[in-house]
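Engineer: Sharing a structure with you now.
The values are calculated or read from the model by the stated rules, or taken from the named source; none is laboratory data. Remember, it's a predicted structure, so these values are computed and weren't measured experimentally. Cβ placement follows ideal geometry from the backbone for every residue including glycine, while neighbour counts extend to all protein chains displayed. Each accessible area value is taken on the protein alone, full model and side chains, heavy atoms only, with ligands, DNA and RNA left out. Shrake-Rupley method; radii C 1.70, N 1.55, O 1.52, S 1.80 Å.
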Amino acid sequence: MGEDPEPPVNTGVSWPADLDQAGMRVRKMQAKLYLWATRDPGRVFNDLFNLVYDPAFLVHAWDRVRNNTGGRTAGVDGLVPKTLPSYPVEFLETIRAQVKERRFRPLPVRERLIPKPGGAKKRRLGIPTTADRVVQAALKLALEPIFEADFKPMSYGFRPKRRAQDAIAEIHHFSSQGYHWVLEADIEACFDEIDHTALMDRVRGRVEDKRVLALVKAFLKAGVLSEEGITRETHTGTPQGGILSPLLANIALSVLDEHFHNRWEAFGVGTKFPGQRRKRYRAKGGATYKLVRYADDFVVLVHGTQRHAEQLRGEVAQILTPMGLRLSEEKTGVCHIDEGFDFLGWRIQRRGKAGTNREVIYTYPSKKSLKSITSKIRTITHRSAYRSLEQLLRHLNMVVRGWCNYFRHGVSSATYRYLYLFMWNRVVKWLLKRHPKLNWKQIRRRYLTGYPAHRPAGNGTVLFNPQEIVIERYSWRGYTIPTPWDGWLNHWTRTQQA
């Protein structure tokens with residue numbers, strides 16, 4: 001493609017007056033990028049570098065870095081974002097000058113090994129320096145709207161306005177429509193094994209600005225400083241923990257989305273009734289497939305036979321091979337919806353509905369998820385962990401409420417009831433150990449609310465009861481999930497029509 005019809009941004013723009021103004025300017029620019037990418041799927045952008053060091057993009061990127069959950073963690077530079085001012089102009093000016101003059105060099109990420117839930121294996125987490133995080137965030141702000149225009153609707157992880165509940169709702173929808181065989185797939189060390197050459201080729205499909213490509217590649221090749229103080233080169237993968245990594249992983253894994261999307265859409269070519277064509281195809285012994293992916297976790301739903309589902313294993317492996325990825329042999333398998341399977345913390349299974357002859361799809365917290373939260377409750381209610389009941393309840397309530405809110409769209413009543421009894425017992429045992437000289441009657445009078453609840457309470461903070469959460473079904477939003485830039489697009493459309 002030729003050059004962009006207009007430069008994306010005026011490089012002479014001054015620093016925004018505040019964080020809100022920076023955010024507004026960035027969103028407006030992102031909406032333009034998304035509009036251009038959507039209207040012209042073949043367009044290749046070759047003038048994006050000045051966005052990366054644009055003051056508004058850097059300020060908005062900094063705001064995200066500082067307020068991110070990792071804002072209290074330092075990289076190899078020892079600098080913690082939270083310790084800096086909310087608007088550090090001098091710090092950002094230094095970064096801007098280095099990027100603009102192409103003197104910016106990413107440093108190795110600081111490696112931390114995080115235990116995986118329910119096992120002895122550990123997950124590698126790479127923590128970039130504060131400056132690297134800011135530049136990565138600015139890069140993501142410029143690249144995300146372009147690639148969002150290409151990403152397919154069956155992908156939900158680390159994408160704006162999308163969440164895990166959307167993935168579960170789609171599985172519930174299609175498994176209720178005859179998609180009863182499931183390929184549960186797990187990619188072996190996805191973030192560590194992505195092939196850099198193959199990934200950069202996919203990035204070049206939309207971006208040909210060599211300065212941006214060089215910056216992305218520099219982050220991929222930055223290296224890792226291990227916990228033992230040894231620096232390793234990175235020939236493959238994108239560090240899990242980097243701000244840019246989820247977007248790059250989605251770009252790599254979109255090969256999978258495109259394959260199954262094209263296969264699905266092929267039934268609609270030349271007909272107004274693709275559903276009928278799929279039905280006839282299945283009647284002749286064929287099968288149809290639906291991919292549902294959340295980052296590197298995905299399942300393929302099959303409307304067909306077990307043989308069709310088994311054959312998918314090799315097909316998926318063949319699609320992933322050019323990206324340097326492979327399926328985990330021990331974690332990849334085929335099951336029927338009646339057996340059920342775990343996905344994103346949920347158990348999804350078809351069962352008979354009580355009092356009827358119907359079979360319905362149930363989604364509820366998996367045993368592994370329940371074990372995870374009960375383990376956290378045990379840790380929090382350790383005898384010497386907190387000085388007062390109020391401190392204990394504040395932390396415990398926050399953790400359990402967050403977990404319960406995630407599962408409030410499933411069949412979770414029984415789990416919530418069990419969880420409350422488990423919490424109650426743990427807190428009461430904590431009180432008994434904390435006050436060995438008090439008997440049960442004294443404990444109940446001092447630290448529990450009155451009849452009938454008898455809930456532990458300290459200085460007005462009462463033990464949270466998960467059963468108070470209203471459970472409601474999360475409706476599948478289909479393929480009309482909005483993007484953050486739809487408001488701008490609608491505004492421009494109305495302006496053109498006026």
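Engineer: Say the cut-off is 32 Å between C-alpha atoms; which of Lys210/Lys331; Lys161/Lys368; Lys368/Lys433; Lys122/Lys210 go over it?
Structural biologist: In this structure, Lys210/Lys331; Lys122/Lys210 lie more than 32 Å apart at Cα.
Engineer: A further question follows. Below 17 Å, Cα to Cα, which lysines can Lys290 reach? Residues fewer than 8 away in the same chain don't count.
Structural biologist: List returned: Lys152, Lys279.
Engineer: Just to check, using Stokes-Einstein with a Kirkwood Rh over alpha carbon pairs, what's the diffusion coefficient of the range 266-373 at 10 °C and 1.306 mPa s in µm²/s? Before the final figure, lay out each step's value.
Structural biologist: Working: Rh = 16.5 Å.
Approximately 97 µm²/s, per Stokes-Einstein.
Engineer: Let me ask something additional. If you find the alpha carbon centre of the range 332-351 and of the range 85-160, how far apart are they in angstrom?
Structural biologist: Taking the Cα centre of the range 85-160 as reference, the centre of the range 332-351 is 33 Å away.
Engineer: Please compute the per residue accessible area over the range 284-413 with all protein chains in place, 1.4 Å probe, rounded to a whole number of Å². All intermediate terms of the calculation are to be shown ahead of the outcome.
Structural biologist: Values: 6470 Å² over 130 residues.
That works out to 50 Å² for each residue.
Engineer: For the chain, take the convex hull of the Cα atoms, compute a quarter of its surface area, and give me that in nm², please.
Structural biologist: 30.1
Engineer: For the chain, the longest stretch holding no trypsin sites (Lys or Arg not before Pro) located in a DSSP loop with at most 14 other Cβ atoms within 10 Å is which?
Structural biologist: Values: sites that count: Arg102, Arg103, Lys121, Lys161, Lys221, Lys272, Lys284, Lys331, Lys353, Arg358, Arg383, Arg387, Lys437, Arg473.
Answer - 1-101.
Engineer: How big is the Rg/Rh ratio for the range 58-184, C-alpha atoms only, Rh by Kirkwood, two decimals? Let's see the in-between values first.
Structural biologist: Working: Rg = 19.2 Å, Rh = 17.7 Å.
A ratio of 1.09.
Engineer: May I pose another question? Which value, in Å², gives the accessible area per residue of the range 112-267 when a 1.4 Å probe is used on the protein heavy atoms?
Structural biologist: 37
Engineer: Going out from 0 in 10 Å bins, what whole percent of all Cα-Cα distances in the range 371-447 drops into each bin?
Structural biologist: For the range 371-447, the pair-distance distribution reads 17, 49, 26, 8, 0.
Engineer: While we're looking at this one, here's another question. In deg cm²/dmol and to the nearest 500, what is the mean residue ellipticity at 222 nm of the chain if only DSSP H runs of at least 4 residues count, each as -39500 (n - 2.57), divided by the residue total?
Structural biologist: Rounded to the nearest 500, it is -14500 deg cm²/dmol.
Engineer: Continuing with this model, one more query. What is the Cα centroid distance between the range 277-325 and the range 191-217, reported in whole angstrom?
Structural biologist: Result: 28 Å between the Cα centres.
Engineer: Then there's this: If you roll a 1.4 angstrom probe over the protein chains with everything in place, what fraction of the accessible area of the range 119-244 belongs to carbon and sulfur, to the nearest %?
Structural biologist: Answer for the range 119-244 is 48 percent, counting heavy atoms of protein chains only.
Engineer: Now for a different question. Which three extents, in angstrom, do the Cα atoms of the range 316-438 have along their principal axes, listed largest first?
Structural biologist: That works out to 65, 48, 21 Å along the principal axes.
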